[in-house]
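Quick one: the structure is below, and I'll ask about it shortly.
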Amino acid sequence: MEELIPERDVDESAPLPLLPLQDVTAFPGVILNFEVEQPISVAALNAAISAGTDVLLLTQRDAEKAVPGAEDFYSMGTVCSVRQILRLPGGVVRAMVQGEYRARVRRINESAPCYTAEVERVETLPIRVSDERREAMIRHCIGLFEEYAAGAGLMVPERFLRMIGADDVGRVADFVAQHVISDAKAKQQALEELRPAKRMEMVCRLVRQEINIQTLERGLAEDTRQEMDKAQRDYYLREQMKLIRQELGDADPDGPDELDEYRYRISSLHLPEEIEEKLLKEVDRLGRQSYGSGESSVLRNYLDVCLEMPWNERTKDTVDVKKARKCLDEDHYGLEKVKDRIIEFLAVRQLAPEVKGGVLCLVGPPGVGKTSVAMSIARATGRKLCRISLGGVHDEAEIRGHRKTYVGAMPGRIAAALRTAGSMNPVMVLDEIDKLGSDYRGDPSAALLEALDGEQNTAFRDHYLEIPLDLSGVLFITTANTSDTIPRALLDRMEVIRLDSYTDEEKLQIAKDHLLPKQRKKHGLSAVKLKVSDDAIREIIADYTRESGVRVLERELAALCRKTARAIAEGERKSVSVRSGQLAKYLGPAKYKDSRMYPKDEVGLVRGLAWTSVGGEVLDVEVNVMPGAGKLELTGNLGDVMKESAKAAVSYIRTRCTPLGIDPEFYKNRDIHIHFPEGAVPKDGPSAGITITIAVISALTGIPVHRDIAMTGEISLRGRVMPIGGLKEKTMAALRTGIHTVIIPAENEKDLEEIDPLVRKALNFITTDHVDKVLSTALVRAPAPLPEEKTAPAEQSDQEPAAAASGSVEA
């Protein structure tokens, strides 16, 4: 309902009703139309009409505030006269007001039902420019307004046309600001500017910005129209191609839908521009092929493979070192150093999550748990696991894939593993990396260089996909039995963690805690139906297995479970309890027997220690001296290094004949035969040097060697004893055989910390850096030197004197 407004009573000193404005600013001399529905705003209009006074229009600083306080208003507004109001349904009031003058607020009364304000009138400052400049400013502003109105498609108001002849710069600026400027803050700044010339400059600058925005909007609208026209044109052409194919008889009813589906799937993946452009080109190529052609089948397979890659799929890391430690302890017994190293690796990732990828190489004998450790890491980090077996791979295309133009082409194993895992940041296990081969088809290890290099694998290119794959988020874990056969360039890109052989006690605990419960469950048995004593497990380890890991042990326990299951199923037994000495009826006769202690000390027989891929062994060295012409015979399937050790030992003894009581002419009138039993087994390495030396000295002097002593160490031509490897495995073999004393190189004393505590406690370790220092310990009695008249003139004089054995280290 429209209401007529009575004549207003102008009293500038009286408080005026305050009407809050949100994102709107009123200017003097300008008619403003707006709608209000807030109770305080409607009440302000009602108060002004009933009292016949003006109303103060004041803009809020925060337009989102429904009930503003006095501090939420700007300090300057416009006093307006109410010309007309129209009451609409729902309590909405449409008002038309005209700005009268600027006013500065002195005080705001937050009274009900509407706010009132005490104001003072603010006059604009006189303009101090020439008439010509005033005219130029007005024309420039009017020209910008007309340009803006033309660009926006607006009709220029008649009142503005009448104003073209006006000479009031401030009035023109207020009018243009009211109708053009959209930013409420900029409008308020224009309202508060009391210098007409400055206000005009401000308004012209803001109008120019609005014109520039209009130009950009028109450009965007034109681009959109062109895109729509192109889409309509493409649709029309596709429909024509559909009809043509139907006429030719090679159209498939799902053809167009298939292409659209490919395009939709590609766009929905939000791929990088390079990849998206490549895939869309392949879709266009598919659209140009006949449905039944071989090329269309190749393109469909290619697109399907590319779209099945997990481009934007990543699992969230849950790197918790406590959880990781728990997972490792649950899955593996022992391996403390390995676990600590893995926990350190994961701790760094927890503190620095931005670190990408990483490559760990787990090196150790078969069956020690390298692959299962990798699986535990995947479980601890919450990542998906994919495994690639590299054993026997000779073709580079196995890693990088084949070109899609070849028949039967497919992606490489790395891309296929990502596709199977469904994630771009899985734990990827590259198993048996030391068994990679190479031939005329390429070198797979060279293809892995890019994938395992953190600086390059952000854009790994598979030959089949032909688009970059980001492998920086993948945690690579490689496994190997030895690092010797891994190419140097590939090994440099990996952090090597070594897993040693298990001790017998570790195998016992693994069997009790992991293997036996697993096999019981697998064969439907309970702990009550099958009991195996600790001594029985130790007997299985000693007499039925020869390995570094526990795979054979698990198979023997599985055989035991099968025998038990059969006995229970046939009703012979309700439960089985296996003790030491009862294994023969379940597993057959013992497969292995450890070397036993000899009944007496013998001449020329010394026990050495050797390392093999399945653990340590006690290696006997037998020496016989016979009349002859100085021939040295070496038998036992020896390698070149071991033969050289024997020759070095004989050469050293020739230089020490007098102190050792040996005939200086023995190399002329004696034949020496050095034999290593078990001749079918190849033997090599330098660590038997000290063993050969002691055996030859014993045979030449006729002094027996203590049967409870074993030794290991490389010998030099001067009699120095140099360090060796595999000490942990060698000492375990010595303990199984019943050895009491072990002679080791002095430089290996630091390695005693890595030996099992039970072994350290049971054995007496003697360290030495020279052969002469352990002669009195190894031999039953010390050799007697020759008399002076039998001293050979050619003997060297710089040899170290024989001495007592160095201080023993008992662990």
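The values are calculated or read from the model by the stated rules, or taken from the named source; none is laboratory data. Bear in mind that the values here come from a model prediction, so they are computed numbers and not experimental data. Using ideal geometry, Cβ is built from the backbone for each residue, glycine included, and neighbour counts are taken over all protein chains shown. Protein only, heavy atoms only, side chains kept; ligands, DNA and RNA dropped before computing areas. Shrake-Rupley method; radii C 1.70, N 1.55, O 1.52, S 1.80 Å.
Check 64, 147, 71 and return the single one that is of a type outside the set (A, V, I, L, M, F, W, C), part of a loop (DSSP other than H, G, I, E, B) and within 60 Å of the chain's Cα centre (by Cα).
Of the residues listed, the single one that is of a type outside the set (A, V, I, L, M, F, W, C), part of a loop (DSSP other than H, G, I, E, B) and within 60 Å of the chain's Cα centre (by Cα) is 64.
Identify, by number, the condition in (1) open to solvent by less than 70 Å² (accessible area, probe 1.4 Å); (2) out of contact with any helix residue (DSSP H, G or I) (no Cβ under 7 Å at 6 or more places or on another chain); (3) closer than 25 Å to residue 449 by Cα that residue 392 doesn't meet.
(2)
Tally the residues that are outside any loop (DSSP other than H, G, I, E, B), closer than 30 Å to residue 124 by Cα and open to solvent by less than 30 Å² (accessible area, probe 1.4 Å), restricting the search to segment 23-46.
Looking only at that region, the number is 6.
Within segment 350-375, can you find the residues that are touching a helix residue (DSSP H, G or I) at 6+ places or on another chain (Cβ under 8 Å) and without any contact (Cβ under 8 Å) to a residue 60 or more places away in the chain?
350, 355, 372, 375 - these are the residues of segment 350-375 that are touching a helix residue (DSSP H, G or I) at 6+ places or on another chain (Cβ under 8 Å) and without any contact (Cβ under 8 Å) to a residue 60 or more places away in the chain.
Separate question: So which pairs qualify, if the first residue must be in segment 219-240 and more than 16 Å from residue 263 (Cβ to Cβ) and at pLDDT 75 or above, the second must be assigned to a helix (DSSP H, G or I) and of a type in the set (Phe, Trp, Tyr), the Cβ gap must be under 7 Å, and the two must be at least 6 apart or on different chains?
Pairs found: none.
Just the residues that are assigned to a helix (DSSP H, G or I), buried (at least 18 other Cβ atoms within 10 Å of the Cβ) and among the small types (Gly, Ala, Ser), please, taken from segment 635-653.
Once the filter is applied, which keeps residues that are assigned to a helix (DSSP H, G or I), buried (at least 18 other Cβ atoms within 10 Å of the Cβ) and among the small types (Gly, Ala, Ser), segment 635-653 yields 645, 646, 648, 649.
Let me ask something additional. Among (1) assigned to a loop (DSSP other than H, G, I, E, B); (2) within 16 Å of residue 464 (Cα to Cα), there is one condition residue 398 misses while meeting the rest; what is its number?
(1)
Restricting attention to segment 433-450, which residues are in contact with a strand residue (DSSP E or B) (Cβ under 9 Å, 6 or more places away or on another chain) and farther than 20 Å from residue 363 by Cα?
450
Any idea how many residues of segment 302-341 are exposed (fewer than 15 other Cβ atoms within 10 Å of the Cβ) and closer than 19 Å to residue 465 by Cα?
Matching residues across segment 302-341 total 4.
Restricting attention to segment 212-242, and to residues there that are among the polar types (S, T, N, Q) and under 24 Å from residue 286 (Cα atoms), which single residue is most open to solvent (accessible area, probe 1.4 Å)?
In this case the residue turns out to be 232.
Counting only residues that are at pLDDT below 85 and surrounded by fewer than 17 Cβ atoms within 10 Å (Cβ to Cβ), which one in segment 599-620 is farthest from residue 502 (Cα to Cα)?
599
Can I ask one more? Is it fair to say residue 70 is under 22 Å from residue 183 (Cα atoms), modelled with pLDDT under 90 and open to solvent by 30 Å² or more (accessible area, probe 1.4 Å)?
no
When both residues are 6+ apart or on different chains and their Cβ atoms are under 8 Å apart, which pairs have a first residue that lies in segment 533-547 and is free of Cβ contacts under 8 Å to residues at least 60 places away in the same chain and among the hydrophobic types (A, V, I, L, M, F, W, C), and a second that is part of a loop (DSSP other than H, G, I, E, B) and surrounded by 20 or more Cβ atoms within 10 Å (Cβ to Cβ)?
Taking only residues 6 or more apart or on different chains, the pairs are 536/583; 540/583.
The rows are residues; the columns are (1) at pLDDT 85 or above; (2) touching a strand residue (DSSP E or B) at 6+ places or on another chain (Cβ under 8 Å); (3) open to solvent by less than 20 Å² (accessible area, probe 1.4 Å).
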| residue | (1), (2), (3) |
| --- | --- |
| 750 | yes, no, no |
| 760 | yes, no, no |
| 764 | yes, yes, no |
| 767 | yes, yes, yes |
| 770 | yes, yes, yes |
| 774 | yes, yes, yes |
| 782 | no, no, no |
| 796 | no, no, no |
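Of all residues in segment 664-692, which are over 60 Å from the mean Cα position of the chain (by Cα) and within 21 Å of residue 717 (Cβ to Cβ)?
664, 665, 666, 667, 668, 670, 672 - these are the residues of segment 664-692 that are over 60 Å from the mean Cα position of the chain (by Cα) and within 21 Å of residue 717 (Cβ to Cβ).
A further question on this structure: Given (1) in contact with a Gly (Cβ under 7 Å, 6 or more places away or on another chain); (2) under 28 Å from residue 13 (Cα atoms); (3) modelled with pLDDT under 85, where does residue 199 come up short, assuming only one miss?
(3)
Show the residue pairs meeting these rules: Cβ distance below 6 Å; 6+ apart or different chains; first residue within segment 600-611 and closer than 9 Å to residue 623 by Cβ and in a strand (DSSP E or B); second residue open to solvent by 20 Å² or more (accessible area, probe 1.4 Å) and modelled with pLDDT of 90 or more.
Final answer for the pair search is 605/622.
Additional query: Using the structure shown, decide if residue 759 is in a strand (DSSP E or B) and among the β-branched types (Val, Ile, Thr).
Spelling it out, it is not the case that residue 759 is in a strand (DSSP E or B) and among the β-branched types (Val, Ile, Thr).
Now, a different point. Filter segment 349-366 for residues that are closer than 27 Å to residue 481 by Cα and at pLDDT 80 or above; which is surrounded by the fewest Cβ atoms within 10 Å (Cβ to Cβ)?
366
Please go through segment 395-416 and give me each residue that is among the small types (Gly, Ala, Ser) and open to solvent by 10 Å² or more (accessible area, probe 1.4 Å), ordered by number.
The answer is 397, 408, 409, 416.
Here is a check on your reading of the model: is residue 708 touching a Ser or Thr at 6+ places or on another chain (Cβ under 9 Å), open to solvent by 20 Å² or more (accessible area, probe 1.4 Å) and under 23 Å from residue 624 (Cβ atoms)?
So residue 708 fits the description; yes.
Among the listed residues 441, 419, 461, which satisfies the condition of being touching a helix residue (DSSP H, G or I) at 6+ places or on another chain (Cβ under 6 Å), among the charged types (D, E, K, R) and closer than 30 Å to residue 282 by Cα?
Unique residue meeting the criteria: 419.
Another question, if that's okay. Identify the single condition in (1) in a loop (DSSP other than H, G, I, E, B); (2) touching a residue at least 24 places away in the same chain (Cβ under 8 Å) that residue 429 does not satisfy, given that it satisfies every other one.
Of everything listed in (1) in a loop (DSSP other than H, G, I, E, B); (2) touching a residue at least 24 places away in the same chain (Cβ under 8 Å), residue 429 misses just condition (1).
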